[in-house]
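In what follows, a structure is listed as structure tokens, so that the remarks can point back to it.
Each value in this text was obtained by applying a stated rule to the coordinates, not by laboratory testing. Source: prediction; values computed, not measured. Neighbour counts run over all protein chains shown; Cβ positions are idealised from the backbone, glycine included.
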Amino acid sequence: MLATLAGADQPVMLRLARWADDGGSAVLRVNAAGILAKTRSLDSAGLAAAALRRDRDMRVCYLRAVSARVGTGTHQLAAELVNPAGARGALVLGLAARPRRQPRRRQGPGPRSAD
């Protein structure tokens, strides 16, 4: 219901987007992103996923909240993914697409030539 009300009010959506991006705490950022993700707007869901991709503290807070609510078992988490009550799929995509560390390049001399 909150997402429906927020989705109908552009200034509220803009404020939620700002909070999801740079809110003062991970809890505020997660809550704002959660509301954005549950609106009918794909752009808003994308903002929520992008915020999770960028923000490690937010991801940790989100994962703790989900695991506390639904558990950590495979079946429980799978049921949460297909839950029609929210746009959690967008958030999961955000987690899956988080930046990955690039492998370190070896420093030092290159291969020696056999003259």
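Charge tally around Ala3: other residues with Cβ under 10 Å, Lys/Arg +1 each, Asp/Glu -1 each, net +2. Other residues lying with their Cβ under 15 Å from the Cβ of Asp21 contribute a combined charge of +3, Lys and Arg counting +1, Asp and Glu -1.
Between Thr4 and Asp22, the modelled labels are 3.4 nm apart [label points 7 Å from Cα along Cα→Cβ].
Stretching the chain fully between Leu42 and Arg15 yields a gain of 8.0 nm (0.36 nm per residue, less the alpha carbon separation). Fully extending the segment from Leu63 to Ala50 would add 3.1 nm, taking 0.36 nm per residue of separation and subtracting the current Cα-Cα distance. The packing ranking of peptides 1-8, 30-37, 50-57, 70-77, highest mean first, is 30-37, 50-57, 1-8, 70-77, where packing means the average number of other beta carbon atoms within 10 angstrom of each residue.
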